[in-house]
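One structure is given here, and the rest of the page talks about it.
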Amino acid sequence: MRIAMIGTGYVGLVSGACFADFGHEVCCIDKDAGKIDGLNHGKMPIWEPGLEALVKSNAERRRLTFTTDLTDGVKGAEAVFIAVGTPARRGDGHADLTFVFQAVRELAKVIKPGTVVVTKSTVPVGTGDQIEKILREEDVIDVSVASNPEFLREGAAIADFKHPDRIVVGAEDQRAQDVLKEIYRPLFLNRAPILFTGRRTAELTKYAANAFLAVKISFINEIADLCEAVDADVQEVARGIGLDNRIGPKFLHAGPGYGGSCFPKDTLALLQTADAAGIDQRIVRTTVAVNDERKAAMADRVVRALGGEVAGKRVGVLGLAFKPNTDDMRDAPSIPLINGLIDRGAEVAAFDPVAREQAEKVFEGITFAADAYGAAESADALVIVTEWDEFRALDLDKLAAAMRGKTLIDLRNVYSREEAQEAGLTYSGVGRGKL
Ligand code: NAD
């Protein structure tokens, strides 16, 4: 099939490359000329494991092309996916649909009858209806509009796309269903469950999924706080409950609060949808508040571990990206933590295996180290913020020797108190007994 992908970011590029790998002919479109030029020269705009090889092999076979020209890009396409950003609108947290509607208006000028327009961007309930209305206003006839929310995780995006837990397709007509079934046929043959639903249901399913995962994280974070007060270990509690099939072990890792490009904005957007519908979502509302407070409190946790004062002290930070295996800094917990420390007069030296370039755009007044030991150099405290694999097997003796102080604050519970103590470090984890 011929597919056009409008928006070549994390979702558009990964989806486009995977569709091409299924054997479809895909054109990825983006208005960011630098991004498209880079891709046409084999340069990836994001860091995602396996992406470069996948893009290159499909681009070499001419199954995957890149352009800034929407007219050119959608020529002959049977399906046009929209994968542009839907950030939180400043002030109210509503999903900002400016990019989506802009793309639809541009598309309306060139789209041919019989095409299926598919939103892959995360969009509030009713956006498909609004897209149809715009197309009608622009005198576009005989075009289907479907919703196909994306559930991939950054850092494991290609595997997630090729081996999804499920594919959700919200379609209001047979043509949209048939075209999407054909596009996903290789996964269908692999027995990936495909759920056909109404369009509004598909749109809401994506928000409900992210909100539920956010609730799970905030739940275990609050249990971690309780563990610290009553001298229990949250990791053992998480294992104890996670082995129950009804609960499951995933998303039960206590830490500095969730961040990233999806959970913070999608929970807020869900609340906006609920407000507009007059239905309060108290659990999600509380989750958002719990998480915001938690992220803001992480700097204080470091200050406490350093005896109540960080002015003039040096803090090493390991990991900046919002999670491992990505360079995405959007809403990363490292941001309020580091800014909070700098505001209190600390010096910060940070290291992240891949996010430095993105982090340089976010932080002012911090230094970047070349590796974990460089970040520990002369530090009064070292904070593990992102659980990159390479931070799981650090030489703690070497770290302790490089540091000036001896405080290890492990916000991801990567190490045990005992192994840190053996290296002469004072250990502070999350939810692991009395602080
Ligand atoms: P992104 O910011 O990485 O990419 C969006 C791209 O769209 C940018 O390159 C931008 O230049 C381009 N764009 C904007 N308007 C355009 C237009 N009119 N024409 C052409 N290109 C245009 O965003 P992302 O992280 O890929 O997210 C895209 C959508 O997918 C969002 O709705 C997001 O919520 C959803 N989503 C993201 C993830 C994730 O892990 N990042 C996972 C699932 C769903």
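The values are calculated or read from the model by the stated rules, or taken from the named source; none is laboratory data. Source: prediction; values computed, not measured. A quick note on method: Cβ atoms are made from the backbone with ideal geometry, for glycine too, and the neighbour counts reach across all protein chains shown. All accessible areas refer to the heavy atoms of the entire protein, side chains included, with ligands and DNA or RNA removed. Shrake-Rupley method; radii C 1.70, N 1.55, O 1.52, S 1.80 Å.
What size of dipole, in debye to the nearest 20, comes out for region 103-262 about its Cα centre when the only charges are +1 on Lys and Arg C-beta atoms and -1 on Asp and Glu C-beta atoms?
With Lys and Arg at +1 and Asp and Glu at -1, about 620 debye.
Quick one: length gained pulling D343 to A370 fully straight, 0.36 nm per residue minus the C-alpha distance?
7.3 nm
Divide by every residue of the chain the summed helix terms, -39500 (n - 2.57) for each DSSP H run of at least 4, and state the resulting mean residue ellipticity at 222 nm, rounded to the nearest 500 deg cm²/dmol.
Counting only the DSSP helices, I get -13000 deg cm²/dmol.
R0 = 25 Å: FRET efficiency of A232 with F212, Cβ-based, nearest 0.05?
0.50
Using the Kyte-Doolittle scale, find the helices of the chain whose mean hydropathy is at least -1.0 and whose Cα atoms extend 18 Å or more along the helix's long axis, counting only whole DSSP H runs.
Those that pass (Cα extent of 18 Å or more, hydropathy at least -1.0) are 199-230, 263-277, 282-305.
Report the Stokes-Einstein translational diffusion coefficient (µm² s⁻¹, integer) for region 169-219, Rh taken as the Kirkwood radius over Cα pairs, at 25 °C with viscosity 0.890 mPa s.
Stokes-Einstein gives a translational diffusion coefficient of 198 µm²/s.
Accessible area of region 373-435 with a 1.4 Å probe: how many percent of it is carbon plus sulfur?
44 percent
As a test, work out the antiparallel percent of DSSP beta bridges whose residues both lie in the chain, rounded to the nearest 5.
Here the antiparallel bridges make up roughly 5 percent for the chain.
Need one word for region 90-163: rounded, prolate or oblate. Basis is the Cα gyration tensor (sqrt eigenvalues a ≥ b ≥ c); a/c below 1.5 gives rounded, then a/b vs b/c decides.
Oblate.
Give, rounded to the nearest 20 debye, the magnitude of the charge dipole that the chain has about its Cα centre when Lys and Arg contribute +1 at Cβ and Asp and Glu contribute -1 at Cβ.
640 debye
Tell me the carbon and sulfur percent of the accessible area for region 1-153, rounded to whole percent, probe radius 1.4 Å.
Carbon plus sulfur share of accessible area: 48 percent.
With charges only on Cβ, +1 for K and R and -1 for D and E, what is the dipole size of region 1-40 about its Cα centre, in debye, rounded to 20?
Around 80 debye, computed over region 1-40.
Which value in nm describes the separation of the simple spin-label points at R62 and H163, placed 7 Å from the Cα toward the beta carbon?
Distance between the two pseudo-spin positions: 3.4 nm.
Report the one residue of V117, V84, M5 whose Cα lies farthest in the direction of the positive end of the charge dipole of region 1-120 (charges on C-beta: Lys and Arg +1, Asp and Glu -1; origin at the Cα centre).
V117
Working only with C-alpha atoms, what are the Rg and Dmax values of region 316-435, expressed in angstrom?
Both quantities, over Cα of region 316-435: 13.3, 38 Å.
In Å², what does the accessible area per residue of the chain work out to with a 1.4 Å probe?
44 Å²
With unit charges on the beta carbons (Lys and Arg positive, Asp and Glu negative) and the dipole taken about the Cα centre of the chain, which residue among V303, T65, H24 sits farthest to the positive side?
Toward the positive end, the furthest listed residue is H24.
Apply the a/c threshold of 1.5 to the C-alpha gyration tensor of the chain and tell me whether it is rounded, prolate or oblate.
Prolate is the answer for the chain, as a/c is 1.5 or above and a/b outweighs b/c.
Positive end of the dipole of the chain, charges at C-beta (+1 Lys, Arg; -1 Asp, Glu), about the Cα centre: which of N190, S428, V354 has its Cα farthest in that direction?
Positive-most Cα among the choices belongs to N190.
Taking H as built 1.01 Å from N, whose amide H comes closer than 5 Å to the amide H of A332, not counting residues under 5 places away?
The answer is G260.
Rounded to the nearest Å, what's the spacing between the alpha carbon centres of region 188-222 and region 90-115? Just the number, please.
Comparing the Cα centres of region 188-222 and region 90-115, I get a distance of 23 Å.
Quick check for you: which residues of region 77-95 have the amide N under 14 Å from the point 7 Å beyond the Cα of A33 toward its beta carbon?
Backbone N within reach: none found.
Can you give me the Cα centroid spacing of region 1-65 and region 247-320 in angstrom?
A separation of 33 Å, based on Cα centres.
Running a GNM on the chain with Cα contacts under 10 Å, which residue among Y184, Y258, Y207 ends up with the highest mean-square fluctuation?
Looking only at Y184, Y258, Y207, the largest GNM fluctuation is found for Y184.
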